[in-house]
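Q: Input: one structure, supplied below.
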Amino acid sequence: MSDTVERFSNRVENYVKYRPDYPREIVTYLAANCGLNRASIIADVGCGTGISCRMFLENGNRVIGVEPNEAMRAAAVKLLAEFPWFMAVDGTSTATTLDDNSIDMVVAAQAFHWFDPEKTRPEFYRILKPGGHIVLIWNERQLDATPFLVEYEAFLLKYANDYGNVRHENIADEELRGFFQQDYGSAVFENEQIFDFDGIKGRMLSSSYMPSETADVFPAMIAELEALFAKHAENGKIKVSYDTRVYFSRI
């Protein structure tokens, strides 16, 4: 568990700057399908630097960010300081520290693949109010929508450490159904980022599976990324497209 918690500690700055946000249509979707309203209390479990918290805070919701990594939790507090109805707590998916029956909606954005589902489910059920919802959200980078994305995927596979183990595409219907223990709803939203070279470099380095600046392979990796960017960039920019997936179930 400690390796999972600490693996982003040296990537917080890049995470804050370069990780993708989430389409605001998600809030409208959850309002229509899960009864989300301004009075709903949200627990964002594995909230990281607070990227996913913001869309709910902008909706007027009280949000409790549960995050075990101290550096990421501190970044969330700093970035969301404009929202007095945000609070960050030191907790995990299996021990959130939150009160029984205190939460209307538990959200996990870009975090579910780090959880132990069998140990997480009872904790989510404990903190949720009767009839509350569990919502899982993540951005999946499109792998073959453009020639750049095809070559970028090959580049990541070449240099990454445990990339194949942490991609959300590995989470199949069987695992989701096993976690929810019942049928669940789902939706997909379009999402994208536009990067210059520093941006795509920072986006890459925000991923815990990529070698850091201290790795021996780092200079060669960056040189290859520069060549890949130069080959595909238009007017000094490159587009990265995502499918943002949302899964939900009512307890």
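The values are calculated or read from the model by the stated rules, or taken from the named source; none is laboratory data. Owing to the predicted nature of the structure, the values given are computational and were not obtained by experimental measurement. Note that we place each Cβ from the backbone using ideal geometry, even for glycine, and neighbour counts take in every protein chain shown. Note: accessible area is taken over every heavy atom of the protein model, side chains too, but ligands, DNA and RNA are not part of it. Shrake-Rupley method; radii C 1.70, N 1.55, O 1.52, S 1.80 Å.
Q: Would you be so kind as to identify which of V217, Q142, S93 lies farthest towards the positive end of the dipole of the chain, taking Lys and Arg as +1 and Asp and Glu as -1 on Cβ and the Cα centre as origin?
A: S93
Q: How long are the three semi-axes of the equivalent ellipsoid for the range 6-138, computed from the Cα gyration tensor as the root of 5 times each eigenvalue, in whole Å, largest first?
A: 21, 18, 13
Q: Then there's this: Helix-only estimate, please: 222 nm mean residue ellipticity of the chain, summing -39500 (n - 2.57) across DSSP H runs of length 4 or more and dividing by its residues, to the nearest 500.
A: Result for the chain: -11500 deg cm²/dmol, rounded to the nearest 500.
Q: Let me ask something else about it. Roughly speaking, to the nearest percent, how much of the chain's 1.4 Å accessible area is carbon and sulfur?
A: Numbers: 5540 of 11480 Å².
That fraction is 48 percent.
Q: When you count, for each residue, the other Cβ atoms within 10 Å and take the mean per peptide, how do 66-74, 32-40 rank with the highest first?
A: Details: 66-74: 20.6, 32-40: 15.1.
Ranked from most to least packed, the peptides come out as 66-74, 32-40.
Q: Using square roots of five times the C-alpha gyration tensor eigenvalues, list the equivalent-ellipsoid semi-axes of the chain in whole Å, biggest first.
A: Whole-Å semi-axes of the equivalent ellipsoid: 31, 19, 18.
Q: Straight-line reach from K201: which aspartates and glutamates have a Cα under 13 Å away, not including same-chain ones fewer than 8 places off?
A: Reachable aspartates and glutamates: E13, E213, E224, E226.
Q: Rolling a 1.4 Å sphere over the protein heavy atoms, what is the accessible area per residue of the range 116-212, to the nearest Å²?
A: On a per-residue basis, 45 Å².
Q: Right, next: Which aspartates and glutamates, if any, have their Cα less than 16 Å from the Cα of K17, not counting same-chain residues under 8 positions apart?
A: Straight-distance partners of K17: E192, D196, D198.
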